[in-house]
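The values are calculated or read from the model by the stated rules, or taken from the named source; none is laboratory data. Since the model is a prediction, treat every value here as computed from it, not as a measurement. Counting neighbours? That spans all protein chains shown, and the Cβs are built from the backbone with ideal geometry, glycine included. With ligands, DNA and RNA removed, areas are computed over all heavy atoms of the protein, side chains included. Shrake-Rupley method; radii C 1.70, N 1.55, O 1.52, S 1.80 Å.
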Amino acid sequence: MNRIIKILLVSMSLFLFSMVSSKAYIMDVWTIEGMDSQALSEATAAYKEKAMAGGAKMKNIRSSTKVRGDNSQETTFVHVYYESYSELMHDLSLTAANPDWFDSTYGRINMGATSNNAIMSNSSPLPGVGSNGQTVAYTFVEVINGIDIRENMPKFREKMQSAGARIDIDMLTCVTCGATISPANAMIYFAAANPADMGKAMDIFSSNEMQIWVATNIAAHVDAEDNGMLVFNN
(Lines give C-alpha, C1' and ligand atoms only; values in the text may rest on other atoms or scores of the structure.)
Protein backbone atom coordinates (compact mmCIF):
# COMPACT_ATOMS: atom_id res chain seq x y z
CA MET A 1 0.00 0.00 0.00
CA ASN A 2 2.88 2.37 0.78
CA ARG A 3 4.23 1.96 -2.75
CA ILE A 4 0.78 2.42 -4.30
CA ILE A 5 0.18 5.71 -2.50
CA LYS A 6 3.61 6.99 -3.50
CA ILE A 7 2.71 6.26 -7.10
CA LEU A 8 -0.53 8.17 -6.59
CA LEU A 9 1.18 11.25 -5.29
CA VAL A 10 3.66 11.58 -8.09
CA SER A 11 1.44 10.88 -11.04
CA MET A 12 0.88 14.33 -12.38
CA SER A 13 0.11 16.28 -15.50
CA LEU A 14 1.48 19.58 -14.34
CA PHE A 15 1.22 21.73 -17.43
CA LEU A 16 -2.33 21.55 -18.72
CA PHE A 17 -3.57 25.11 -18.81
CA SER A 18 -3.03 27.93 -21.27
CA MET A 19 -3.26 30.54 -18.52
CA VAL A 20 -1.18 32.46 -16.00
CA SER A 21 -2.18 32.93 -12.37
CA SER A 22 -0.71 34.39 -9.19
CA LYS A 23 -2.42 31.76 -7.07
CA ALA A 24 -1.18 28.41 -5.82
CA TYR A 25 -0.99 25.20 -7.81
CA ILE A 26 -3.01 22.47 -6.07
CA MET A 27 -3.77 18.94 -7.19
CA ASP A 28 -6.31 16.61 -5.63
CA VAL A 29 -5.32 13.20 -6.97
CA TRP A 30 -6.77 9.69 -6.72
CA THR A 31 -5.00 6.41 -7.44
CA ILE A 32 -7.28 3.63 -8.67
CA GLU A 33 -6.58 -0.07 -9.10
CA GLY A 34 -8.81 -2.54 -10.85
CA MET A 35 -10.31 -0.16 -13.41
CA ASP A 36 -9.87 -0.15 -17.20
CA SER A 37 -7.99 2.97 -18.34
CA GLN A 38 -10.30 3.68 -21.30
CA ALA A 39 -13.39 3.34 -19.15
CA LEU A 40 -11.81 5.64 -16.57
CA SER A 41 -11.02 8.22 -19.24
CA GLU A 42 -14.60 8.22 -20.51
CA ALA A 43 -16.00 8.45 -16.98
CA THR A 44 -13.67 11.35 -16.18
CA ALA A 45 -14.81 13.30 -19.24
CA ALA A 46 -18.46 12.67 -18.36
CA TYR A 47 -17.91 13.66 -14.72
CA LYS A 48 -16.16 16.88 -15.75
CA GLU A 49 -19.11 17.88 -17.95
CA LYS A 50 -21.59 17.34 -15.14
CA ALA A 51 -19.47 19.01 -12.45
CA MET A 52 -18.59 22.10 -14.48
CA ALA A 53 -22.21 22.55 -15.53
CA GLY A 54 -23.17 22.29 -11.87
CA GLY A 55 -20.84 25.06 -10.74
CA ALA A 56 -17.58 23.26 -9.87
CA LYS A 57 -14.52 25.52 -9.55
CA MET A 58 -11.88 23.01 -10.64
CA LYS A 59 -9.59 24.21 -13.41
CA ASN A 60 -9.37 20.77 -14.99
CA ILE A 61 -9.76 17.04 -14.34
CA ARG A 62 -7.93 14.28 -16.22
CA SER A 63 -7.05 10.60 -15.97
CA SER A 64 -3.74 8.84 -16.58
CA THR A 65 -2.02 5.46 -16.58
CA LYS A 66 1.39 4.56 -15.18
CA VAL A 67 3.52 3.06 -17.98
CA ARG A 68 6.90 2.61 -16.26
CA GLY A 69 7.81 1.78 -12.68
CA ASP A 70 6.11 -0.36 -10.05
CA ASN A 71 2.63 -1.62 -10.99
CA SER A 72 2.88 -0.10 -14.46
CA GLN A 73 -0.18 -0.66 -16.67
CA GLU A 74 -2.10 -1.74 -13.55
CA THR A 75 -2.56 1.63 -11.84
CA THR A 76 -4.70 4.51 -13.10
CA PHE A 77 -5.23 7.99 -11.69
CA VAL A 78 -7.66 10.90 -11.63
CA HIS A 79 -6.11 14.37 -11.21
CA VAL A 80 -8.17 17.45 -10.28
CA TYR A 81 -6.53 20.91 -10.43
CA TYR A 82 -7.22 24.05 -8.40
CA GLU A 83 -5.79 27.51 -7.78
CA SER A 84 -6.89 27.72 -4.13
CA TYR A 85 -7.95 25.51 -1.26
CA SER A 86 -11.24 27.37 -0.95
CA GLU A 87 -12.09 26.26 -4.50
CA LEU A 88 -11.18 22.68 -3.64
CA MET A 89 -13.36 22.71 -0.51
CA HIS A 90 -16.20 24.29 -2.50
CA ASP A 91 -16.10 21.37 -4.91
CA LEU A 92 -15.98 18.80 -2.11
CA SER A 93 -19.19 20.23 -0.68
CA LEU A 94 -20.77 20.53 -4.11
CA THR A 95 -19.95 16.93 -5.01
CA ALA A 96 -21.31 15.65 -1.70
CA ALA A 97 -24.58 17.45 -2.42
CA ASN A 98 -24.77 15.90 -5.91
CA PRO A 99 -23.94 12.19 -5.59
CA ASP A 100 -25.48 11.44 -8.97
CA TRP A 101 -22.46 13.07 -10.68
CA PHE A 102 -20.31 10.23 -9.39
CA ASP A 103 -22.91 7.49 -9.50
CA SER A 104 -23.76 8.16 -13.15
CA THR A 105 -20.10 8.29 -14.31
CA TYR A 106 -17.47 6.51 -12.21
CA GLY A 107 -20.11 4.49 -10.41
CA ARG A 108 -21.05 2.72 -13.62
CA ILE A 109 -17.64 1.06 -14.10
CA ASN A 110 -16.00 -1.68 -12.07
CA MET A 111 -17.33 -1.10 -8.60
CA GLY A 112 -14.71 -3.53 -7.29
CA ALA A 113 -11.91 -1.01 -7.90
CA THR A 114 -9.93 0.37 -4.95
CA SER A 115 -8.70 3.95 -4.55
CA ASN A 116 -6.65 6.28 -2.35
CA ASN A 117 -6.43 10.07 -2.26
CA ALA A 118 -3.92 12.80 -1.45
CA ILE A 119 -3.40 16.53 -2.09
CA MET A 120 -0.13 18.00 -3.43
CA SER A 121 0.77 21.65 -4.03
CA ASN A 122 3.45 24.29 -4.47
CA SER A 123 3.53 28.08 -4.47
CA SER A 124 3.95 28.37 -8.25
CA PRO A 125 1.11 29.68 -10.38
CA LEU A 126 -0.84 27.31 -12.57
CA PRO A 127 1.51 26.79 -15.54
CA GLY A 128 1.14 28.78 -18.71
CA VAL A 129 2.52 26.13 -21.09
CA GLY A 130 -0.60 24.40 -22.34
CA SER A 131 0.99 21.54 -24.31
CA ASN A 132 3.27 20.04 -21.68
CA GLY A 133 1.96 17.36 -19.40
CA GLN A 134 1.00 14.43 -21.65
CA THR A 135 4.07 12.49 -20.49
CA VAL A 136 5.41 12.89 -16.95
CA ALA A 137 8.50 11.40 -15.33
CA TYR A 138 8.99 11.78 -11.59
CA THR A 139 11.04 11.04 -8.52
CA PHE A 140 9.24 10.97 -5.20
CA VAL A 141 11.63 12.13 -2.46
CA GLU A 142 12.17 12.83 1.20
CA VAL A 143 13.41 16.41 1.44
CA ILE A 144 16.48 16.71 3.68
CA ASN A 145 17.38 20.35 3.05
CA GLY A 146 14.26 22.27 2.10
CA ILE A 147 15.89 25.69 1.71
CA ASP A 148 18.59 24.62 -0.73
CA ILE A 149 16.37 22.33 -2.78
CA ARG A 150 13.80 25.10 -3.28
CA GLU A 151 16.51 27.55 -4.31
CA ASN A 152 18.04 25.08 -6.75
CA MET A 153 14.89 23.89 -8.52
CA PRO A 154 14.55 27.05 -10.69
CA LYS A 155 18.25 26.71 -11.57
CA PHE A 156 17.68 23.09 -12.51
CA ARG A 157 14.78 24.03 -14.79
CA GLU A 158 16.81 26.77 -16.49
CA LYS A 159 19.85 24.54 -16.93
CA MET A 160 17.86 21.73 -18.54
CA GLN A 161 15.87 24.04 -20.81
CA SER A 162 19.00 25.94 -21.83
CA ALA A 163 20.53 22.62 -22.86
CA GLY A 164 17.56 22.03 -25.19
CA ALA A 165 15.17 19.99 -23.04
CA ARG A 166 11.56 20.69 -24.08
CA ILE A 167 10.10 20.02 -20.65
CA ASP A 168 8.95 21.82 -17.54
CA ILE A 169 10.53 20.95 -14.20
CA ASP A 170 9.28 21.69 -10.69
CA MET A 171 8.61 20.18 -7.26
CA LEU A 172 5.37 19.73 -5.30
CA THR A 173 5.03 18.89 -1.63
CA CYS A 174 2.47 16.85 0.24
CA VAL A 175 -0.35 18.80 1.93
CA THR A 176 -2.69 16.07 3.18
CA CYS A 177 -0.94 12.71 2.95
CA GLY A 178 -1.21 9.87 5.41
CA ALA A 179 1.64 8.39 7.38
CA THR A 180 1.82 5.55 4.88
CA ILE A 181 3.89 7.63 2.44
CA SER A 182 6.58 8.46 5.02
CA PRO A 183 9.42 9.30 4.69
CA ALA A 184 8.70 10.67 1.20
CA ASN A 185 7.12 14.13 1.31
CA ALA A 186 7.71 15.79 -2.08
CA MET A 187 7.98 15.08 -5.77
CA ILE A 188 10.36 16.36 -8.46
CA TYR A 189 8.98 15.98 -11.98
CA PHE A 190 9.63 16.40 -15.68
CA ALA A 191 6.51 17.22 -17.76
CA ALA A 192 6.73 16.87 -21.54
CA ALA A 193 4.26 17.29 -24.39
CA ASN A 194 4.96 13.80 -25.75
CA PRO A 195 7.24 10.77 -25.30
CA ALA A 196 9.71 12.04 -27.93
CA ASP A 197 10.32 15.28 -26.01
CA MET A 198 10.65 13.28 -22.80
CA GLY A 199 13.24 11.00 -24.41
CA LYS A 200 15.35 13.95 -25.55
CA ALA A 201 15.13 15.50 -22.09
CA MET A 202 16.23 12.26 -20.48
CA ASP A 203 19.23 12.11 -22.83
CA ILE A 204 20.22 15.61 -21.68
CA PHE A 205 19.61 14.70 -18.05
CA SER A 206 21.86 11.64 -18.31
CA SER A 207 24.87 13.57 -19.63
CA ASN A 208 27.95 13.65 -17.39
CA GLU A 209 27.76 17.42 -16.95
CA MET A 210 24.12 17.36 -15.88
CA GLN A 211 24.55 14.37 -13.60
CA ILE A 212 27.41 16.05 -11.74
CA TRP A 213 25.36 19.22 -11.29
CA VAL A 214 22.30 17.29 -10.12
CA ALA A 215 24.31 15.21 -7.67
CA THR A 216 25.70 18.37 -6.06
CA ASN A 217 22.67 20.66 -6.16
CA ILE A 218 19.60 18.39 -6.11
CA ALA A 219 20.39 14.83 -5.02
CA ALA A 220 22.48 16.03 -2.09
CA HIS A 221 19.36 17.55 -0.51
CA VAL A 222 16.86 14.69 -0.98
CA ASP A 223 16.55 10.93 -0.60
CA ALA A 224 14.80 9.29 -3.57
CA GLU A 225 11.95 6.93 -2.67
CA ASP A 226 10.15 6.07 -5.92
CA ASN A 227 10.51 6.71 -9.67
CA GLY A 228 8.18 6.28 -12.60
CA MET A 229 6.55 7.60 -15.76
CA LEU A 230 2.93 8.04 -16.82
CA VAL A 231 0.88 9.17 -19.80
CA PHE A 232 -2.51 10.86 -19.80
CA ASN A 233 -5.60 9.27 -21.30
CA ASN A 234 -7.50 12.50 -22.05
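Indicate the gyration tensor shape class of region 93-234 (rounded, prolate or oblate), computed on the Cα atoms with a ≥ b ≥ c the square roots of the eigenvalues: a/c under 1.5 is rounded; otherwise a/b larger than b/c is prolate and the rest oblate. Can you show the working numbers first?
Numbers: a/c = 2.25, a/b = 1.62, b/c = 1.39.
It comes out prolate by the Cα gyration axes.
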Counting Lys and Arg as +1 and Asp and Glu as -1 over every other residue whose Cβ sits under 12 Å from the Cβ of H221, the net charge comes to -3
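For the chain, what relative contact order do you get, as a whole percent, if you take Cα pairs closer than 8 Å and at least 6 residues apart?
Values: 508 pairs, mean separation 73.5, N = 234.
Once normalised by length, the contact order is 31 percent.
Under a Cβ-Cβ cut-off of 14 Å, what is the net charge of the residues other than I109 that fall near it, where Lys and Arg count +1 and Asp and Glu count -1?
Values: positive: R108; negative: E33, D36, E42, D103.
Residues close to I109 contribute a combined charge of -3.
Considering only protein heavy atoms, what per residue accessible area in square angstrom results for region 81-234 with a 1.4 angstrom probe?
Working: 7300 Å² over 154 residues.
It amounts to 47 Å² per residue over region 81-234.
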Distance in nm between S123 and D70 label points, each 7 Å along Cα→Cβ, equals 3.1
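On the protein heavy atoms, probe 1.4 angstrom, tell me the percent of accessible surface of the chain carried by carbon and sulfur.
Reported share for carbon and sulfur atoms: 52 percent.
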Semi-axes a, b, c in Å (a largest) for region 152-206, each sqrt of 5 times a Cα gyration tensor eigenvalue, come to 26, 13, 9
Considering only protein heavy atoms, what is the solvent-accessible area of R150 at a probe of 1.4 Å, reported in Å² to the nearest 10?
130
Select from I188, V143, A201 the residue farthest towards the positive end of the dipole of region 84-213; place +1 on Cβ of Lys and Arg, -1 on Cβ of Asp and Glu, and compute about the Cα centre.
A201
Three-way shape call for region 21-150 based on the alpha-carbon gyration tensor, with the a/c threshold at 1.5:
oblate
In degrees, nearest 10, range 0 to 90: what is the angle between the Cα axis of helix 85-97 and the longest Cα principal axis of the chain?
30
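So what is the calculated 222 nm ellipticity per residue for the chain, using -39500 (n - 2.57) for each DSSP H run with n of 4 or more, over all residues, to the nearest 500 deg cm²/dmol?
Numbers: 7 runs with 81 residues, N = 234.
The helix-only estimate for the chain comes to -10500 deg cm²/dmol at 222 nm.
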